[in-house]
Amino acid sequence: MKAVVIGAGLGGLLSAARLSKAGCQVDIFERLPITGGRFTNLSYKGFQLSSGAFHILPHGPAGPLAQFLNEVGADVKIVRSDIITVRVPLKKGSQDYEKGFKDIPFNDFSTLLSHKDRLKIAFLIVSTRKNRPSGSTLQTWIRSQFKDEWLVRFADAFCGWALSLKSDEVPVEEIFEIIENMYRFGGPGVPIGGCKGVIDALESVIAENGGKIHTETEVSKILVENGKAAGVLVGAEAHKANLVISNLGHAATACLCAEALSGEKDSGYLRRLETLKPSAGIKICLAADEPLVGHSGILLTPYAKRVNGINEVTQVDPRLAPPGKHLTMSHQYVAPDNVKNLESEIELGLQDLKEIFPDKKYETLLIQSYHDSWPVNRAASGMDPGNETPIPGLYVVGDGAKGKGGIEVEGVALGVAATMKKILG
Amino acid sequence: MKINDNCVGCGQCASFCKKGAIEVKGKALATDACVDCGVCVLYCPVKAIEVLA
């Protein structure tokens, strides 16, 4: 079988590794000179920043991505870093960190609730595993159970960090699937070498199995013959294949085969694509001589104005920064209406960091924003249309087609695994 | 160097600029240090950079 993969981001490379290992002849076409998409390293002033992701795997060495890498024989070391702390004001009733703060373990979030609500949480933690809530957003569900703004703040910080969404944009089913996955696979981990450690390992697998990656090569059209995917057009050259995997998200993929999707039977699919909303976010990369977060996991900041969470990957892999330096990265959700006000959103994020690290010395290395055609996620978590398209033999992988309950790259791996099962059985 | 409205501010261009000539804050901005070498054009994921003729 001949397969073409469009886009050498994580989803494309995972697919190519699996298909080439199964004996397919695989060609990967990537428009940019670099591979890895929004999951690779960017060298900047001696630091290994990233093109998107935070150098973490949300479920660490036991998660869906780590399992997939293991199955295809990609040699990556993933170190568990599952400490999650939550920064809360020192004084009860404070709405920010100005008058002092303390960090509590993630699992102690309920200690900030009333005695009655703590009992209710304990009951819900057990009962919701059997009877999952459904049919509303996470925020609506929380408000239907509790009258406590702390829980909404906490949910917003978690959803902002993990999905770049607010709790009123996330289906409650998606969050409960994520919670179940946290039980199943555990918390985060850091790949040694950062995102690029994963990308390099996948490229080795692809090369060993005869797959070819063509960088600086743009696909201009997906060929469809007799209603089926038949290959791609690169310049004037046709590359025939039985299988086309697109790592571009559904909307951009549909644009490459617009003629083939112009029939009446495809109008439902095209209408669905119009409803897909990419999620937006801002990452601020800091350099410091001393640790800012102080541990290898995640610091959630529910009382900041914009920043949702921060990690410090040099706690696990010091080589991601020059000797003696730390690389600390914050993430903040950007609401759809605020994408046009990115500069003021960034200012609020920078003010937050001053409040979160009041007595620390650090330098802002680079501020990176993601939205629209280069977003945090091409489709908001829990909202994507899956991996299939109306054209047999054409599949979509990547962060626009993740499958349920998968946080970021874990979702990418779940989506690719499901697609490969459909193709290879 | 002209940076068009496609720019999302991802900073990828800044990391590949050999002159350290690109500042990013919601959008990329070429500073006076820019020599119009065009390296950044290749690395932009959203086709936002055009070299002026």
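The values are calculated or read from the model by the stated rules, or taken from the named source; none is laboratory data. For clarity, every value in this text was computed on a predicted model and none was experimentally measured. Please note: Cβ atoms are built from the backbone with ideal geometry, for glycine as well, and neighbour counts cover all protein chains shown. Keep in mind that these areas ignore ligands, DNA and RNA; they rest on the heavy atoms of the full protein, side chains included. Shrake-Rupley method; radii C 1.70, N 1.55, O 1.52, S 1.80 Å.
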If the viscosity is 1.306 mPa s and the temperature 10 °C, what translational diffusion coefficient in µm²/s does Stokes-Einstein give for region A:203-335 when Rh comes from Kirkwood over Cα pairs? 82 µm²/s
Determine the alpha carbon to alpha carbon distance for each of A:LYS402/A:LYS422; A:LYS77/A:LYS361; A:LYS277/A:LYS354 and list only those over 23 Å. A:LYS77/A:LYS361; A:LYS277/A:LYS354
Residue-averaged 222 nm ellipticity for chain B, from DSSP H runs of 4+ at -39500 (n - 2.57), nearest 500: -3500 deg cm²/dmol
Dipole magnitude of chain A about its Cα centre (Cβ charges: Lys, Arg +1; Asp, Glu -1), debye to nearest 20: 880 debye
Can you give the angle from 0 to 90° between the axis of helix A:195-208 and the longest principal axis of chain A, with both taken from C-alpha atoms, to the nearest 10? 20 degrees
How big is D, in µm² s⁻¹, for region A:249-407 by Stokes-Einstein at 20 °C and 1.002 mPa s if Rh is the Kirkwood radius over C-alpha pairs? 120 µm²/s
Just checking the protein assembly as shown: which Cys have no other cysteine's beta-carbon under 4.7 Å? A:CYS24, A:CYS159, A:CYS195, A:CYS255, A:CYS257, A:CYS285, B:CYS7, B:CYS10, B:CYS17, B:CYS34, B:CYS37, B:CYS44
What is the P(r) of region A:134-246, as percent of Cα-Cα pairs per 10 Å bin from 0? 11, 23, 19, 24, 17, 5, 0
Hey, in the GNM for chain A with a 10 angstrom Cα cutoff, which one of A:ALA122, A:ALA288, A:ALA207 fluctuates hardest? A:ALA122
How high is the relative contact order of chain A, given as a whole-number percent (alpha carbon pairs under 8 Å, six or more residues apart)? 24 percent
Springs between alpha-carbon pairs under 10 angstrom, Gaussian network model over chain A: which of A:PHE109, A:PHE47, A:PHE123 fluctuates most? A:PHE123
Taking the Cα centre of region B:2-50 as origin and charging only Cβ (+1 Lys, Arg; -1 Asp, Glu), how large is the dipole, in debye to the nearest 20? 100 debye
Which angle from 0 to 90°, rounded to the nearest 10, does the C-alpha axis of helix A:342-356 make with the longest principal axis of chain A? 40 degrees
So what is the relative contact order of region A:205-271, in percent, for Cα pairs below 8 Å that sit 6 or more residues apart? 21 percent
Mind checking chain B for trypsin sites (Lys or Arg not before Pro) that DSSP puts in a loop (not H, G, I, E or B) and that have at most 11 other Cβ atoms within 10 Å? B:LYS18
If you bin every alpha carbon distance in chain A into 10 Å steps from zero, what whole percent lands in each bin? 5, 22, 31, 25, 13, 4, 0
Förster radius 25 Å - calculated FRET efficiency between A:LYS130 and A:LYS422 (Cβ-Cβ, nearest 0.05): 0.25
Which of A:GLY52, A:PRO105, A:GLY37 sits farthest toward the positive end of the charge dipole of region A:1-125, with +1 on the Cβ of Lys and Arg and -1 on the Cβ of Asp and Glu? A:PRO105
Keeping the other protein chains in place, figure out the carbon and sulfur percent of the accessible area of the protein assembly as shown, with a 1.4 Å probe. 51 percent
Expressed as cubic angstrom per residue, what is the convex hull volume of the alpha carbon set of region B:2-50? 63 Å³
If the elastic network links every pair of Cα atoms under 10 Å, which of A:LEU394, A:LEU223, A:LEU113 fluctuates the most in the Gaussian network model of chain A? A:LEU113
